[in-house]
Amino acid sequence: ATYGIIADNYQKQGELEYNKGDKLISVNTYHEAEKNQLVALRMYQSLFIKESIAACFLGLGKINIKLGNLKPAKEFLDSSLDIFKLAHIKYALEIIYNSYSVLDSIQGNYKGALKNYKLSVAYRDSIIADENEKKAVQIKMQYEFDKRESLAKVAQDKKDADATRTKNQQYLAIGALSIIVLAFIAIALMLFRNNKDKQKANILLESQKQKVESTLTELKSTQSQLIQSEKMASLGELTAGIAHEIQNPLNFVNNFSEVNKELMEEMVEEVDKGNFEEVKAIAKDIIANEEKINHHGKRADAIVKGMLQHSRSSNGAREPTDINALCDEYLRLSYHGLRAKDKSFNATIKTDFDERIGNINIIPQDIGRVILNLLTNAFYAASTLSKGGLSEDVRIENPTVWLSTKRVADKIVISVGDNGSGIPQKVADKIFQPFFTTKPTGQGTGLGLSLSYDIVKAHGGEIKVETKENEGATFIIELPVV
């Protein structure tokens, strides 16, 4: 008992010292803050409170970054990371990786700083996704509860009204047999009571209706926020791929610019020598290089415009679009985006585009989102561990994704397939429902396919899936030629 009292006092003192240090950090009094944090650390270490020890390590790491003590700062951050990783406390891991990013930036390690900043953002996004998912589930459960409670209340009120009506009818029969005047009085009373019961039921139904409408409004608001979050997530998927795609034309522009500089210097020398035939030849080379610079500059411009088109809200206006070019663009951006996040990722890509299609009238940013979502899911399915015949985890030896377009009569058919583990038949009918996902918690919102379904339907088309477990899946989009 004595030890318990001492331990409790130590813990309270440790919390007091830690909070003092934390307040001093907020007012930039770092030396005093460090003293308080060290006292708190010793107390927590004597009590073996791991998460409190990790919090002190994290605080000391941040303080030493501010004081310029970079080596001890990294040691404290490493110690904090070891503990919080085991405990899987996301908000602490977000702060740790953000502190690593600041530390790397100070040391000039910008590549490491970017990597750690991405990890910090990933944990922050995971926290937000968890909170949004929890809130959506709570709203849905509350809505179902209110709905059932309302129905039960209405049923009970009807039952009570029926019982009252039966009782009044019995009184009426007795009164009719005895005195006709009393029968009339009984009838009048019965009608009066029925009217009152009906008024009460109407008031109750109106109240329940308002409550249900309020819940639906809140649910729609939350759903709109999640839909916007899904759109921004798809934009994030594109970022790495766009960076890779835009780097290629920029490299060409830089290289040809350097070559032209050397050719201009050579031209000046030839002009001084009076060798005008060589000057003309050099000028032709410069003109050819300038054409290539212009071509690749326009290519970079097209990539940036495509990114801006994807990120902005759709105005609902259809425009003639080369569907083959759109598919090819999002295929490369999706693939390179995944490669940027995971250097070990690789997959075979097979395309078959029908050149007879030409331009069709669609909303390009909306259909682009659909294609991006299906391709991202296909790459994920083709590269994810699946269960083998003996229930062991196995990896597909040659992950492959197919993308094809075809004109069939007055329809355009777009197919996206993979050789992943397929979709189990028991969930195949649910994949287009909002919030339904087969991905692990935190890796999917369950809105991607639902949004894709709505976009295709808005274009007057159809989307369906053909799948066989352990053999892959193919999503098929059919769009009318308008």
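Computed from the coordinates by the stated procedures, all read-outs in this text should not be read as laboratory data. Just so it is clear, the structure is predicted and the values come from calculations on it, not from any experiment. Cβ placement follows ideal geometry from the backbone for every residue including glycine, while neighbour counts extend to all protein chains displayed.
Structural remarks
- Hz values of 3J(HN,Hα) by residue in the range 319-325 - Karplus curve (6.51, -1.76, 1.60), Gly and Pro given as x: 8, x, 9, 6, 5, 5, 5
- Which listed pairs, of 167/209; 20/62; 50/90, have C-alpha distances above 18 Å, in listed order: 167/209
- Computed over the range 29-89: relative contact order in percent, which uses C-alpha pairs under 8 Å that are six or more apart: 32 percent
- The order of the peptides 33-41, 118-126 by mean Cβ neighbours within 10 Å, most packed first, is 33-41, 118-126.
- Nearby lysines by direct alpha-carbon distance to residue 284 (threshold 24 angstrom, same-chain neighbours under 8 apart not counted): 261, 273, 292, 298
- For residue 412, the amide hydrogen comes within under 5 Å of the amide hydrogens of 479, 481, counting only partners 5 or more places away or on other chains and with H modelled in the peptide plane.
- A Förster radius of 22 Å, combined with the Cβ-Cβ distance separating residue 269 from residue 294, puts the computed FRET efficiency at roughly 0.25.
- Between the amide H of residue 435 and those of 447, distances stay under 5 Å, these residues lying 5 or more places away or on another chain, with hydrogens modeled in the peptide plane.
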